[in-house]
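Coordinate-derived values only; no laboratory data. Because the structure is predicted, anything quoted here is derived from the model rather than measured. Here the Cβ is made from the backbone with ideal geometry for all residues, glycine too, and neighbour counts use every protein chain on show.
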Amino acid sequence: MSIGIKIQLDAAAIAKLERAVIVTAGMTMEALKTDVIAAQVMPFDGGDMQNVQTFVVQSTDGTEARLVTGSPQARRLYYHPEYNFQTVNNPNAGGEWLEPWVDGDRKDFVQDTFVELYKKEAGL
C-alpha cells in the first residue's frame, strides 16, 4: 500500500517572508540604536560618537544587521568601565553601555523587537 502526498509551495509567499526578514533586520537595529540613545548610557560630550558615529550596517544580502560605533575613542571607552565618565549630557553614561541589551535586563529587546516587527512586515 502506498500513500501519495503532493506538496505545492507558494513561491510568492516565501519570497514575501524572505523580504520581511531583510527589512526587519535593519529596522530592529535602528530600534536598538533608538533604545540605547533613549537610555542615555553612551559617553556623551559633544554627541558625535552617539549621534553621528553610531549607525546601522546591513550585509549585502540583508540578512545581517549590526549596530556600529565607528568613532576612534569608542573601543577605549567601551572596554574601560572604570573610567570616571561625565554624566552631564547622559546621566547613565559609562563603559560597556550595550551590556544591558547583551545579557542584562534588556537582553530580550532585540529578539522581541524583531518578532514584533517581522509579524507586521510579513503580514502575519
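Here's a check for you: in region 14-51, which residue that is of a type in the set (Val, Ile, Thr) and touching a residue at least 12 places away in the same chain (Cβ under 8 Å) is farthest from Glu116 (Cα to Cα)? Please lay out each step first, then the result.
If we filter region 14-51 for residues that are of a type in the set (Val, Ile, Thr), which is where we start, we get 14, 21-24, 28, 34, 36-37, 41.
Checking the rest, the ones that are also touching a residue at least 12 places away in the same chain (Cβ under 8 Å) come to 21-24, 28, 36-37, 41.
Numbers: Val21: 12, Ile22: 14, Val23: 13, Thr24: 9, Thr28: 9, Val36: 18, Ile37: 21, Val41: 25 Å.
Applying the filter and picking the extreme gives Val41.
For region 57-65, indicate whether the set of residues that are of a type in the set (Val, Ile, Thr), in contact with a helix residue (DSSP H, G or I) (Cβ under 6 Å, 6 or more places away or on another chain) and either under 21 Å from Met27 (Cβ atoms) or outside any loop (DSSP other than H, G, I, E, B) (or both) is non-empty. Step through it out loud before you land on a result.
Of all residues in region 57-65, those of a type in the set (Val, Ile, Thr) come to 57, 60, 63.
Filter once more, so that each one left must be in contact with a helix residue (DSSP H, G or I) (Cβ under 6 Å, 6 or more places away or on another chain): none.
No; the residues of region 57-65 include none that is of a type in the set (Val, Ile, Thr), in contact with a helix residue (DSSP H, G or I) (Cβ under 6 Å, 6 or more places away or on another chain) and either under 21 Å from Met27 (Cβ atoms) or outside any loop (DSSP other than H, G, I, E, B) (or both).
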> How about region 37-56: which of its residues are of a type in the set (A, V, I, L, M), crowded, with 18+ Cβ neighbours inside 10 Å and touching a helix residue (DSSP H, G or I) at 6+ places or on another chain (Cβ under 7 Å)?
Replying inline: Met42, Met49
> Is it the case that region 96-115 has a residue that's touching a Phe, Trp or Tyr at 6+ places or on another chain (Cβ under 8 Å), surrounded by 12 or more Cβ atoms within 10 Å (Cβ to Cβ), within 14 Å of Met42 (Cα to Cα) and without any contact (Cβ under 8 Å) to a residue 24 or more places away in the chain?
Replying inline: yes
>> I'd like the full set of residues that are in contact with a Ser or Thr (Cβ under 8 Å, 6 or more places away or on another chain) and either outside any helix (DSSP H, G or I) or closer than 15 Å to Trp97 by Cβ (or both), limited to region 20-34.
In response: Leu32, Lys33
> On the given criteria, is Leu77 among the aliphatic types (A, V, I, L, M), under 21 Å from Val23 (Cβ atoms) and out of contact with any His (no Cβ under 8 Å at 6 or more places or on another chain)?
Replying inline: no
> If you go through region 83-92 one residue at a time, do you hit one that is loosely packed, with under 12 Cβ neighbours inside 10 Å, more than 20 Å from the chain's Cα centre (by Cα), of a type in the set (Val, Ile, Thr) and farther than 24 Å from Gly123 by Cβ?
Replying inline: yes
